[in-house]
Each structure stands twice: as C-alpha cells, then as structure tokens.
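See below for the structure under consideration.
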Amino acid sequence: MAGGSRLLEEARIGLRAVADRVEDLARPTLRIGVTGLARSGKTVFTTALVEALRNGGRLPVFEPFASGRIAGAHLQPQPDDTVPRFPVEDHLLSLAARAWPASTSRVSELRLAVRHATRRGGMRTLTLDLVDYPGEWLLDLPLLDMTYADFSRESLSLARADARREAAAQMLAGLGEANPAGPADEATARALAARFTTYLSACRAERVAMSLLPPGRFLLPGDLEGSPALTFAPLDLAPGTPPPGSLAAMMERRFEAYKAGIVRPFFREHFARLDRQIVLVDVLAALNAGPAALADLERALDSILLAFRVGRNSLFSALWRPRIEKVLFAATKADHLHRTSHDRLEAILRRLVERAYARARTGGASLDVVAMAAVRATREAEVTRDGRRMAAIVGTPEAGQEAGGHLFDGEEEVALFPGALPEDPETLFDPSGSGFRGLASGDADFRFLRFRPPPGIGTGAPLPHIRLDRALQFLLGDRLG
C-alpha cells in the first residue's frame, strides 16, 4: 500500500474506532470475528454459540453460565444495515433436518444482548456482535502490501510446487501461450482468469486440501463474478514496469482494483474493528490429504496471524488503532476421533501455529488452541471385535462415502474405529526443520468420514458439543465478570 493511501486508510480506521468506542461507553460491546478455511465449520460454530447463550446446555467450563450468572440472551437488530444478517434460525432448521448448514460465502453479522450478574453484584448487559466471514478473505489481507509483480511471483512459485503441479497444469499451459508484453486483450484475460480460478478450486478440493489460496474472492465471487476486478491472473513478468497498453499492464491495473475495491473495504469496515477472533481449522482434512496439505495449512495459518493486529490494547490503540486481544485457534470435528486422541489433535494444531503463537505473545495478545466440535455428530462406544473390546465412535456417515468397500447411504448408523493420532506431534514433522515429513511407515491411515448431524436437534434439547464451553470461556468469560 502506498504511503499516502496507507495514511488515509489508517485515518479512516481511527475515526471508525473512535465512533465504536463512544458507542461502547453507552452500550458495552464485544465484536468477535468467526472465520476459518473451507469446510472448517464456521456456520455451525456461530449457530451453536448463539444457541448456547440463548438456551444453555451442558457448559461446565463456561463459568458465567455454570455459576448461574447469565440471566438470558436475546437477539437484537444488527448494527450495520448494509451487511447481511447471519440467519441463525435457518441454520437451526437445517440441523433439525439432520443436514449441515450451507457454508459461509460472505460476511454476515448477528447481535446478541447478554444479560448477566456481575461477581460483585448487580446486573449488566453485554452486547455481543458476531461477525462471520470466509477465511479465504482473510488470506487476501497480505495482498495489500504486495505489488502485482510480487503476487505473480509468489502465486506461480506455489503453482509450480510438486504438491500443486497437477492441479495447475492447465493454468500453466495457458500461461505459456500468453505474452505479457503483448497488447491487452479481454478474451485472453478472461481465459487466463478462468484457468486460474479452476486451478484454485482444484487445490481446495478434498483430495488436495490446499489452504493458501489467495485471491479469496476468486473462490467466493458473489455479485462480483465476471467483473474486471476478478478477471486477472499471475503472469511470468519481465523486470521493470509493464509497457502501457500491454496485457501485463491490464492485469496489474485489475490487481490494484481488487485490492482497492474489495480487500481494503473489508479490512476497514469489518476486520479492523474486531476485538476477539476465533479461527476454525479442519486439521483432519489436511491429514486426510497428506503431508503437502498439512505443510500448506501451516503456511496459511502463519499468514492468517500475520494479517491480525494482535496485542494488548492501550488507551491510544483502543481509540485509534485497535488490536485483537484474544485469538483462539480451534481444531474442529473432534467428534470424528475418540476422546483419547483429542489432546493429540490439539497438540498438532499447537504445533501448526507455533511460529505465529510466539509472535503474538510478544505483543501481549492472549492465544490458545482447542480441539472441539461445536455440534457433536457422533457418540462414543465400546465394541467387541475378535474377542477384544475396542473404543469406537458411532454415527451416521453422509451418503456417497466409501470405507472398507462399503458405500454409505446416509441413513445407516455405524460404529467406526478412527485410530489414534500420534502421541507426539513432532513425529509428523521433520526434526531437521526442513518441513513436514508425513506419517511414518506403519502408522494408521487417517481417512476420516463426514457424519450427518445427530437426530433430535431442534426438539428443545441443548445442542451436543465437545468443548464449546471452553471456547466460550476464552472468548467471553472475562467480559461477563
């Protein structure tokens, strides 16, 4: 971002922060961002959080609820009239029908007023603003400090890596036919952008499960689909400034338009206003896809925390340059494992965010990791096999999946033996520091199935979960004291 543009953007953020703090004096407010990469469970988490605060459940670690100090929570009109409302009612209906809600494809908000007794006596109300947004948008924030040449160089370096080369083959072939210094041509730009988008989509597929995939709006375009700001692609550039009127100059102009018209407004209007953040991570999907996917997830998580302004707020920063004081990384789908592996899943996530974790601590931010399932889809059981008692999980796999030569129809409940994750997460990584080395020979083959929501949700019973209360305590506990 150029110096003048950066100063103007900081001034806008500062003025918005002052307005937020003035409102906070009259109405104590906490803004929590909920994000994560594809299929990590953002929508389910936000729905479960709202339902727990409104209707309770088994939440022993969430002290304000366990001690009986929460008197009630009620939905209120959201603060931003131009931002879509998070449709929590629709998502609860989906869960009641044993279907997972649709994935997050845009930013949405929900406001909740939580009435609670303080530890010193007396009643107060905390206004909780939940901002649900795709993690792919978060990965766009580093683009603000890149030139088009930087973007092209980094994108093509990733595309030519062994893990992505197959998915990138068609895009790289089209790139080889393009002349960056040749005349700008709309048909060529559209063809290159289409191949670039197809490559990004292929990388996100379950079999590959790559995580570091900016620009995020290429995967979630919404109303911007087909616009010039989403019709660019990386090019093999010669050193220096692209010739005027060239294909490279057109791509550069559209890249800058993407930053100015899409990334910066998101940063200013939503991201820079957050007080706390939870990042949901589907570690199991990366384990399913293999070593390259887990290494890519580590790079993506590092990039995500670099985008955050983390640290303890002073009076000055709270007014003019607010920081995110708490960040929780949550490994989702813990219900796909037996409880004996939950701590191991948490340890793997802690290892994945190790570098980012160390940076955040130096600024006074509070970070934590947790293995959780916001809505638990399985239950645990002991099953006898060949005369041996074995720990299993019981649930209904989604239709169309196959395991052991059996194709699931989405109706039958089965007992599965998920295996155990390594006790020491370092066994998954190369101790020399050269990167992820994968599962050692003879270890379990991690192929985790997807399960349908359990029956009975929406009948008045609390939503079943794993450690949702721990997430609530970290994110909210101190503000409900």
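The values are calculated or read from the model by the stated rules, or taken from the named source; none is laboratory data. All values reported here derive from a predicted model rather than from experimental measurement. Neighbour counts are summed over all protein chains in view; Cβ atoms, including those assigned to glycine, are modelled from backbone coordinates with ideal geometry. Surface areas here come from the heavy atoms of the whole protein model, side chains and all, with no ligands, DNA or RNA. Shrake-Rupley method; radii C 1.70, N 1.55, O 1.52, S 1.80 Å.
Quick one: net charge of V88's neighbours, Cβ under 12 Å, K/R +1, D/E -1? Walk me through the numbers before you get to the answer.
Values: positive: R54, R85, R111; negative: E51, E89, D90, E109, D132.
Taking every other residue near V88 into account, the sum is -2.
Suppose every Lys and Arg Cβ carries +1 and every Asp and Glu Cβ carries -1, with no other charges. What dipole size does the chain come out with about its Cα centre, to the nearest 20 debye? Walk me through the intermediate numbers first.
On the way: 61 positive and 59 negative charges, 322 e Å.
Its charge dipole is roughly 1540 debye.
Local charge sum around V327 (other residues, Cβ-Cβ under 9 Å, Lys/Arg +1, Asp/Glu -1)?
Values: positive: R276, K326; negative: E325, D368.
Net local charge, V327 excluded: 0.
Amide H of S211 versus every other amide H placed in the peptide plane: which residues, excluding those fewer than 5 positions away on the same chain, fall under 5 Å?
L297
In percent, what relative contact order does the chain have, based on Cα pairs under 8 Å that are 6 or more apart in sequence?
19 percent.
Between S105 and T125, what length in nm is gained on full extension when 0.36 nm per residue of separation is reduced by their alpha carbon distance? Walk me through the numbers before you get to the answer.
Working: separation 20, 0.36 × 20 = 7.20 nm, distance 3.10 nm.
Net length gain for the segment: 4.1 nm.
If you take Rg/Rh (Cα atoms, Kirkwood Rh) from the coordinates, which of (1) 1.45; (2) 0.98; (3) 1.60 do you get?
(2)
How much accessible area per residue does the chain have, in Å², with a 1.4 Å probe?
Working: 21270 Å² over 481 residues.
Solvent-accessible surface per residue comes out at 44 Å².
Taking H as built 1.01 Å from N, whose amide H comes closer than 5 Å to the amide H of F451, not counting residues under 5 places away?
Answer set, sorted by chain and number: E398.
Leaving ligands, DNA and RNA out of it, report the carbon-plus-sulfur percent of the accessible area of the range 163-278 at a 1.4 Å probe.
Taking all protein chains in place, the range 163-278 shows 54 percent carbon and sulfur surface.
Roughly speaking, what is the stretch gain from T118 to A205, that is 0.36 nm per residue apart minus the C-alpha to C-alpha distance, in nm to one decimal? Don't skip to the answer; put the middle values down first.
Details: separation 87, 0.36 × 87 = 31.32 nm, distance 4.72 nm.
Answer, rounded to one decimal: 26.6 nm.
For the range 35-152, which whole percent of the accessible surface, found with a 1.4 angstrom probe, sits on carbon and sulfur atoms? Can you show the working numbers first?
Numbers: 2480 of 4790 Å².
Of all accessible area on the range 35-152, carbon and sulfur atoms account for 52 percent.
Can you tell me how much longer the chain between E177 and E411 gets when fully stretched, taken as 0.36 nm per residue apart minus their C-alpha distance, in nm with one decimal?
Stretched out fully, the E177 to E411 stretch lengthens by 79.3 nm.
Around A167, what is the net charge, scoring Lys/Arg as +1 and Asp/Glu as -1 over all other residues with Cβ under 14 Å from its Cβ?
Result for the neighbourhood of A167: +2.
Before rounding to the nearest 500, sum -39500 (n - 2.57) across all DSSP H runs of length at least 4 in the chain and divide by the residue total; then give [θ] at 222 nm in deg cm²/dmol.
Estimated from H runs of four or more residues: -11000 deg cm²/dmol.
Can you list the residues, at least 5 places off or on another chain, whose amide H is less than 5 Å from the amide H of M390, using H built in the peptide plane?
Excluding prolines and chain starts, which carry no amide H, the hits are V383, T384, R385.
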